[in-house]
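Take a look at the structure set out below.
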Amino acid sequence: MNNYFSPLIAVLCLGSILGSPALIAQAPFPEIPKLEDEKEEPKQEKTEKPKADEKGTPTEVKKEGEKKEADKRAPTRDNQLSEAAIDRTGQWIYEFERQFAVRKDKPEFEFLWGFNMLQEFHSYNNADLRKLNSTNDFQIRTTDDQQGLALTRAKFDTSFMFPKQRVGVEMSFGFDGVWGSFQLQGNGNPGTRIARANIFWEFFNLNGLVADVVMGRQFFSVGGIQNDYMLRDVLDAVVFNVHWKDKVDIKILGVDVYSGANSYGAGENDRWNDEFQYFSRDTTNKLAGLNGDVSTYRTGIVASGEPFMKKLMKFKLDPRVYAFYARVRGTKGGSDYSENGRIGNFSDNDWSGLFGARLAAHLNEQVPIFSQLIVYVDGAMSTGSDLRRQGQPVADYTTFGFGGGTTARLKTLFGWLAPLGEVDFFYAQGPQYDKNGNMISHGFISMRGDRIGGTLMRRYWGVRPSGYVGYNGIDDTPFDANRKSGVLMLHAGFGVEMSKKYVVRADIWHVQDTASTAVNFSPNNLDLINNPYVSRAELEAQQRFGKALGQEINLTLQYFPNTLLMFQLTAAMFIPGSFFSTPIEDIVSKNGVPKGGPADADFMGIFLRSTISF
């Protein structure tokens, strides 16, 4: 009998619940208050013309003040929030992840956007600087690296500007994907990337003095020159910009944060604040304790005198001074003295400072045969301290880095030909080691600037001209393929633009290591060195210091069929120098080259690219 009456009882219960006044009568929805500058100005009365329906039949225009018939399908139509912003009880949902709030009355704004996509086909060989050797598994593993791949990279840039409130929002997002999988982001690709995510607020504007603040992910550089080896990066930061008309432009890096977390709370049964739970699920590269010293902070200032010089001089002259300071966190190399927190709950308090000046002159108006002529010089002092493990000397450093260059383009000759050229150099002092193989100085440490080289060194290897302050503190890796250590870099490039559609260009780079060591490399002396922190392989690897890394040559052809498309073909070759005549082992560098023998092959690569931008 119960089987017959159970559905009837369930239906009656459901009907009584749905008929409950507590669920029919929702709490009133709160509205977002309007700011004074968002309120609409009084409108003048206008004679409205009869509106037509979908069939074209004129409809009666309702007089002002006449009540509109309630729309049963949209009970919240006069509210400024969508219903999704309110939970079932009519209360606010404060959690950011659950909230979906949409203004129905939007303030005046300007929307800007841009789109970029590229397709590339790559082929390269001998990135390990070794010829193929198939005599055994080890040789195959260390010499067989020929590779070919195709990829797609897309990026969508957006910007909202609200002129009345002097507020802006910037979002830039995209993805990388290698061809050949069901999804472009398969096969361990970088996948989705966020390049910009910030808000802008101009909070002061009076008598030619303008100040604003930008908070969130944003691009930042010292600026003023094409290749910025001091600081050129995407930061998660708070930045203040000040413009004083005809006087100075100032950028203040209030704080830039490399966030981290310790390993407490990583276990599934550990109690942890839900707001930060996602920090503690992966314990890779995390440490317990250290009094919460798990984030690296950077701050600094850049001041440009271009507004004043522009008024004073007849040509563009951009002098800049800059200063940065970084406080290194306890993870990675920031807790050497406490053995990564094992023998003490404290970090090393490592730090690094960068102080410099640069000058860029645009002289094309003074030399009329040039459509572009830029000459620049740049120099900085790097100083800091890196506490090492107990028994090792402290790596204090005060070193210098400097560079200069010229970029030129002649005006069009014969109505279709425009020669162009570029010459530049950069020097950064490398790390220094004592007679027992201990580092005693990091050499020049930047705040993470540009890479050097062309297709092979810059893009495939990722070589930088000095160590820098990064996610893991002070990154100084002279033996990695993607090395971050001091060099002397010389570059020259020459080409021609034809009919504003074709560009043919050739570039060459020469790179020399600038590190030094006091180790005596005679076998008898190496046998006498008893350093518990430096292995025999690491000592022998220091024989590379001060030698030439090699030369890279690039040949490039570009074709611009219209204002949207560009096609490019680049062939590149890296000729290894004496630096790579000494092979290294994994204990020295996991991704260092060559291994198993000295360099005996040139690194070669070629790629074809198509891009669209609008």
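The values are calculated or read from the model by the stated rules, or taken from the named source; none is laboratory data. Since we're looking at a predicted model, the values are computed, not measured. Note that we place each Cβ from the backbone using ideal geometry, even for glycine, and neighbour counts take in every protein chain shown. The accessibility values were calculated without ligands, DNA or RNA, using every heavy atom of the protein model including side chains. Shrake-Rupley method; radii C 1.70, N 1.55, O 1.52, S 1.80 Å.
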If a residue has to be within 25 Å of ASN472 (Cα to Cα), open to solvent by less than 70 Å² (accessible area, probe 1.4 Å) and among the hydroxyl-bearing types (Ser, Thr, Tyr) to count, how many in the range 386-426 make the cut?
2
Looking at (1) modelled with pLDDT of 95 or more; (2) in a loop (DSSP other than H, G, I, E, B); (3) open to solvent by 40 Å² or more (accessible area, probe 1.4 Å), which is the one condition that is false for ILE553?
(2)
Yes or no: the range 220-229 includes at least one residue that is within 30 Å of MET381 (Cα to Cα), assigned to a strand (DSSP E or B) and open to solvent by less than 70 Å² (accessible area, probe 1.4 Å).
yes
Would you mind finding the one in TYR559, TYR533 that is of a type in the set (Ser, Thr, Tyr), open to solvent by 30 Å² or more (accessible area, probe 1.4 Å), touching a residue at least 12 places away in the same chain (Cβ under 8 Å) and closer than 23 Å to GLY421 by Cα?
TYR559
Say whether the condition of being among the β-branched types (Val, Ile, Thr), in contact (Cβ under 8 Å) with a residue 12 or more places away in the chain and under 27 Å from VAL463 (Cβ atoms) is met by at least one residue in the range 361-369.
no
Look through the range 313-340, keep the residues that are hydrophobic (A, V, I, L, M, F, W, C), farther than 30 Å from TYR471 by Cα and touching an Asp or Glu at 6+ places or on another chain (Cβ under 9 Å), and return whichever of them is most open to solvent (accessible area, probe 1.4 Å).
PHE315
Within the range 275-296, identify whether any single residue is within 30 Å of LYS411 (Cβ to Cβ) and either at pLDDT 95 or above or surrounded by fewer than 20 Cβ atoms within 10 Å (Cβ to Cβ) (or both), and answer yes or no.
no
Cβ-Cβ distance below 7 Å, separation of 6 or more or different chains: which pairs start in the range 131-156 with a residue that is within 18 Å of PHE580 (Cα to Cα) and in contact (Cβ under 8 Å) with a residue 12 or more places away in the chain and end on one that is basic (Lys, Arg) and open to solvent by 80 Å² or more (accessible area, probe 1.4 Å)?
THR143/LYS131
Out of everything in the range 577-610 that is part of a strand (DSSP E or B) and open to solvent by less than 30 Å² (accessible area, probe 1.4 Å), what residue ends up being farthest from VAL511 (Cα to Cα)?
PHE607
Selection within the range 230-256 - open to solvent by 10 Å² or more (accessible area, probe 1.4 Å), touching a Leu at 6+ places or on another chain (Cβ under 8 Å) and in a loop (DSSP other than H, G, I, E, B)
LYS245
Complete set of residues in the range 141-160 that are of a type outside the set (D, E, K, R) and closer than 23 Å to VAL178 by Cβ:
GLN146, GLN147, GLY148, LEU149, ALA150, LEU151, THR152, ALA154, PHE156
Only strands (runs of 3 or more DSSP E) wholly contained in the range 462-526 count here; list those with 1 or more residues that are open to solvent by 30 Å² or more (accessible area, probe 1.4 Å), in contact with a strand residue (DSSP E or B) (Cβ under 8 Å, 6 or more places away or on another chain) and within 30 Å of THR563 (Cβ to Cβ).
487-498, 502-513
Pair list, Cβ under 6 Å, 6 or more apart: the range 575-586 residue in contact (Cβ under 8 Å) with a residue 60 or more places away in the chain, other residue in a helix (DSSP H, G or I):
PHE579/ARG544; ILE584/ALA541
Considering residues that are in contact with a Phe, Trp or Tyr (Cβ under 8 Å, 6 or more places away or on another chain), crowded, with 16+ Cβ neighbours inside 10 Å and under 23 Å from GLU108 (Cβ atoms), the number found within the range 153-175 is 10
